[in-house]
Every structure is written in C-alpha cells, then in structure tokens.
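Reviewing the structure listed below.
The values are calculated or read from the model by the stated rules, or taken from the named source; none is laboratory data. Everything numeric in this text was worked out from a predicted model, so none of it was measured. Positions of Cβ are backbone-derived with ideal geometry, glycine not excepted, and every protein chain shown enters the neighbour counts. What goes into the accessible areas is simple: the full protein's heavy atoms, side chains included, and nothing from ligands, DNA or RNA. Shrake-Rupley method; radii C 1.70, N 1.55, O 1.52, S 1.80 Å.
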Amino acid sequence: MAEAMVIDGKAFADALRARLAEHAAAFAHQAGRRPGLAVVLVGDDPASQVYVGAKGKACEAAGMASFEHRLPADTSEAALLSLVERLNHDPEVDGILVQMPLPAGLDEQAVIAAISPDKDVDGFHVINAGRLAVGQKGFVPCTPLGCMMLLKDRLGDLSGLDAVVIGRSNIVGKPMAQLLNDANATVTIAHSRTKNLADVVRRADIVVAAVGRPEMVRGDWIKPGATVIDVGINRLPPAEGKEKGRLVGDVAFAEASAVAGAITPVPGGVGPMTIAVLLRNTLVAAYAHAGMTAPAGL
Ligand code: NAD
C-alpha cells in the first residue's frame, strides 16, 4: 500500500495566520485599535515560558496586540483573580489566556471561572463548554478546533464517518468528540478503561489520539485509508550523547503511515494549529467586542 499523505499542519497554520493578519489589519483600520490578547503566566515553568513567548510573538506577527503578565510563583489567588478582573474590564483586551498548569496552591477552576466567557479564547470556561455541548456559538478549545480544520480540509464532509477519539480530557478529547458529532460523524470516545482499544480503533475512518503516551497507537490498529490526527506531544528519553530526546506523538508514525490514508506528523501537525486558532479566537472576540460582524469563514 502507498504511504499515507502527510498532513502539513505547519503550512495550514501559516496560511491561516496570513489570512488572520489581513483581517486583523482591516479590523484595526475600522475599529481604531488592534485586536488584543492578554497572556498571564504565573511562576517559572520552562515549558510554559516557551509557550507564552511563542503566543506573544505570534500575536505581534499577526498584527495583534499582546499583553504579557508574568507573575511570581508565590502570587496569591486573590492577586491573580484581581488581575483577571482588571483584564475583563480592559477595553484593549479581547482575549484572556491564563497559562496552565498553575503553581500548586492556586485553584485552576476558580481562575478559569473568573475569566469573562466572552474573553475566554481558550474555551475552557464552563459557559463555553456548555455552549459547545448544546450547539450554541461560543469559544471552542484551540487544539480540537485546529484538528477539526485539518480534518475538514482533508475530508470535506464527515457525515456518517466512524470517528474514534482516544482521550477524554476537557481541553482535547471531549470537545473533539463534540465537534465530530456536530459534523455528523459517528463518534466513539475511548479512554484508559476502554476494553480492546486496538479493535475499537480498527473500526475508525478518523482516529484522533490525545493520550500523552509515546507511540501507543500501532500501525496494525489503523483501518487502511483512515485519517489519523495525532495530538500527543511526548519527549522520549535522550539518546546517548544527546541533551534532549526526540519529540513523538501518541501514534507510531512510520507504522501508521504505511496503512493510513493521511496522518499528521509530530512535530509539524496539530501543534502549530493550536496557536493559529488562538489568534483566530482572539480576532472573533475582537469583532464581537467592537460590535462588528466578523468576516465569513473565520
Ligand atoms: P490528559 O492527560 O488530560 O488526558 C489523557 C487522556 O488519555 C485521558 O482522558 C485518559 O483517559 C486517556 N488515556 C490515558 N491512558 C490511556 C490508555 N492507556 N489508553 C487509552 N486512553 C488513555 O491529556 P490532554 O491534555 O488531553 O493531552 C493529551 C496529549 O495531547 C498530551 O500528549 C499533550 O501533551 C498533548 N496536547 C497537545 C496539544 C497541541 O497543541 N498539539 C495541546 C494539548 C495537549
């Protein structure tokens, strides 16, 4: 069988960011201000620092304003909540993102609940989760929305396709399953207690793996021709003499590519989509706050 088509998430994300930059410039021209994203980082987790830096840079590159708030790890919950409250009322800020995980002692759910749902561009607020559950417009978490864009680009209409989502987290698995259901796929959610996972996955025309276990999904789990979206980002232990291990997904890429019809690589697949969709959600928020109609197809 021929090798799977490799879905180039980086190229897709770059094209989306270029379109967003054009819309952001048009917005700024009409509204007299740039769309703005506030990113809050508490503590000095190295991975979080990299993510926050990347989000700020991506914002500026797309012609959006980035407001970074870096707070010490011993910040009190009251101080964090009062910053969120200030950002909720700041007319320059359209989106608020508090980088997770928060240092021990800070209640993540309380902080998410404090963000105005209309500025919750991460889509983590219970109001936005509820809107997604009942089919109302709201902010959808960036990673699953990015996966959906790649799937629709590859497959067009998903009606009647069998989809298996492995993982049921609030930020990836659950919203992913809801989006697929909304797109008329027949959806199975698999998780750590699922029996005969390989057999469940073998039925799927679409596999979305969001587990966090390196190369868990093997090639012989994949139905020939299936579309495989690998959300996992796992770092393997470093090879001898190397400082860092290789990044791999939740899917054994080489094996799965020999069977699948299309597959996202790690890195360069889903990862770049997450930040691009964050910018997209921020722009949507900006249009809403300005009382303007967002361009079609955003
Ligand atoms: P999580 O730990 O919150 O959830 C993992 C899910 O996997 C759970 O629902 C659990 O039931 C399921 N699971 C665990 N072991 C399993 C097993 N043996 N078989 C089947 N299911 C099992 O993780 P998450 O936040 O949803 O993230 C999942 C992965 O996606 C991680 O590797 C994470 O780094 C990555 N991720 C990537 C992006 C991105 O931008 N590409 C964004 C978010 C998360």
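Would the range 1-131 count as rounded, prolate or oblate if I go by the C-alpha gyration tensor, calling it rounded below 1.5 in a/c and otherwise prolate when a/b exceeds b/c, oblate otherwise?
Here the range 1-131 falls in the oblate category.
Would you mind calculating the relative contact order of the chain from Cα pairs under 8 angstrom and at least 6 residues apart, reporting the percent as a whole number?
The normalised contact order for the chain reaches 21 percent.
Starting from the Cα-Cα distance between ARG203 and GLU243, subtract it from 0.36 nm times their residue separation and give me the gain in nm to one decimal.
10.4 nm
Just check the chain against the gyration tensor rule for me: Cα atoms, a ≥ b ≥ c as the square roots of the eigenvalues, rounded for a/c under 1.5, and otherwise prolate or oblate depending on whether a/b exceeds b/c.
Since a/c reaches 1.5 and a/b is larger than b/c, the shape of the chain is classed as prolate.
Putting +1 on Lys and Arg Cβ atoms and -1 on Asp and Glu Cβ atoms, find which of GLY53, LEU83, VAL98 reaches farthest to the positive end of the dipole of the range 46-119.
GLY53
In terms of Cα to Cα distance under 23 Å, which lysines are near enough to LYS119, apart from those fewer than 8 places away along the same chain?
Cross-link targets: LYS55, LYS57, LYS137, LYS174.
Carbon-plus-sulfur fraction of the accessible area of the range 39-115, 1.4 Å probe, in percent?
57 percent
Go ahead and estimate [θ] at 222 nm for the chain from helices alone: -39,500 (n - 2.57) per DSSP H run with n ≥ 4, summed, over the residue count, rounded to 500.
One gets -13000 deg cm²/dmol as the mean residue ellipticity at 222 nm.
Can you pull the semi-axes for the range 186-298, root of five times each eigenvalue of the Cα gyration tensor, sorted largest first, whole Å?
Values for the range 186-298, descending: 31, 21, 13 Å.
So which helices of the chain fit the span-like rule, where a helix is a whole DSSP H run, its Cα atoms reach 15 Å or more along the axis, and its mean Kyte-Doolittle is at least -1.0?
Both cut-offs are met by 9-31, 46-61, 77-88, 142-155, 270-289.
Could you work out the relative contact order of the range 1-149? I mean the mean sequence separation of Cα pairs under 8 Å and 6+ apart, divided by the number of residues, in percent.
Normalised by residue count, the contact order of the range 1-149 is 20 percent.
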